[in-house]
Amino acid sequence: MEEQILGFIPQEEWLDVGLSVKRPNDPLDSIIGDERTGSILARWQSIAAEYQIPVMANFHGFDTEANRTFRVPVDSRHIEKGLIKVKLNQSERMRELTRAGVREGDIKEYVLQDGVRLADQVATRSKVAKAEMMATGKVTIKENNLDLTVDYGVPADQTGLELDLGPEADVHGQLQDITAKAEAKGLALTGLLTSRVSLAKLRQNKAVQGLVAGSLGGGLLSRAALESYLADEFGITTVLTDDLSYGVEGGIDPATGRPQVSRKRYFPEDKVSFFAANAAGKVGAGLWGDPPEAELPGFYTAGAGGERPFVYVIQKMEWDPAVLWTKASGLFMPVLYNPAGLWIAGVKKAE
């Protein structure tokens, strides 16, 4: 309790809450890490310059002016629009806890857990943005009166592909075509991201089964056999499936008076995204900056060990009506290292 307000926790105690947004079971975190930066825009520009195909400089004669190079253009209009935030009426929550028999001395732990859950909601929105970037080559923000699209510059001929994964389809030829087109642009594809359903279709394809039948005797391929085939034939050494889901608020059910939550997938079931990773196995980064709250006078900006959190949790008391709010916020935007290294295919529906 701070300032004699029940449930108001000193700001420094919140700083350890948002220090980590990584989820061990999330395949996207393995290829798109998270990093703190003082300026999302400056870091994005640095990344854009670093991960393009190297541009050649020219020989010059002595006493001649050097040719002028260029900066890789980035979509700077929307990069720093990625403010994610959510708040909870803490006073209302404490009344519920009190009615449930929670003692005043135990309130603090419940309030801290509320803050952890709010921070997790912010982190969840960042995972949704990562997945959309991998599935479409863009991030759209159409919520809370915002309507904008962050375009990563993935060429149209890399996002409109179609894969026929039917049992009789020439999957080998289709994969050969996609990897050859990428190599023609100077990049070798090293991984793919899809769903378990689409991966199962790859394992059931007769053409693929026939190519490895000499060593396995035919039949349904194991995942290990499929991954070995993709690595040997196409250099695709990373195969990821993402079937995780998240909840979206859908208002209040008028019949029950309870909140409605709908389930959505992070990554579409009918997409296959091929990618070219860097030496560390990454295709991009989730950039986290400081939300406006970090600029408030007296606001603590570092937690244990001097680290700044990815997600900030703060509290504020309003006096009319008298309500204590707990809020989590973060400034986030994913960045794709090299737009030429992302190839997105929709899976053809069975006729």
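The values are calculated or read from the model by the stated rules, or taken from the named source; none is laboratory data. Keep in mind that this is a model prediction, so the values were computed, not measured. FYI the Cβ positions are ideal-geometry reconstructions off the backbone, even for glycines, and counts take in every protein chain you see. The accessibility values were calculated without ligands, DNA or RNA, using every heavy atom of the protein model including side chains. Shrake-Rupley method; radii C 1.70, N 1.55, O 1.52, S 1.80 Å.
Here is a yes/no grid of residues against (1) open to solvent by 30 Å² or more (accessible area, probe 1.4 Å); (2) in contact with a Ser or Thr (Cβ under 6 Å, 6 or more places away or on another chain):
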site	(1), (2)
E233	yes, no
V239	no, no
D242	no, no
G257	yes, no
R263	yes, yes
K271	yes, no
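Can you find a residue in the range 88-105 that is of a type outside the set (A, V, I, L, M) and modelled with pLDDT under 80? Yes: the range 88-105 contains one or more residues that are of a type outside the set (A, V, I, L, M) and modelled with pLDDT under 80. Among the residues of the range 321-342, those that are hydrophobic (A, V, I, L, M, F, W, C) and part of a strand (DSSP E or B) comprise A322, V323, L324, W325, A328, L331, F332, M333, V335, L336, L342. Scanning the range 205-216 for residues being open to solvent by less than 70 Å² (accessible area, probe 1.4 Å) and either basic (K, R) or at pLDDT below 85 (or both) gives a total of 2.
The single condition from (1) at pLDDT 95 or above; (2) under 25 Å from V283 (Cβ atoms) that G173 fails is (2). Taking the condition touching a residue at least 12 places away in the same chain (Cβ under 8 Å) and under 20 Å from V272 (Cα atoms), does A169 pass? Yes; evaluated as a whole, the condition is true for this residue. Exactly one residue out of G330, G341 is modelled with pLDDT of 90 or more and either of a type in the set (S, T, N, Q) or closer than 20 Å to I40 by Cβ (or both), and it is G330.
Inspect the range 17-26 for any residue being open to solvent by 40 Å² or more (accessible area, probe 1.4 Å), in a helix (DSSP H, G or I) and at pLDDT 80 or above and give the result as yes or no. No, the range 17-26 contains no residue that is open to solvent by 40 Å² or more (accessible area, probe 1.4 Å), in a helix (DSSP H, G or I) and at pLDDT 80 or above.
Restricting to the range 315-351, what's the tally of residues that are within 25 Å of W14 (Cβ to Cβ), open to solvent by less than 10 Å² (accessible area, probe 1.4 Å) and over 16 Å from the mean Cα position of the chain (by Cα)? The qualifying residues number 4.
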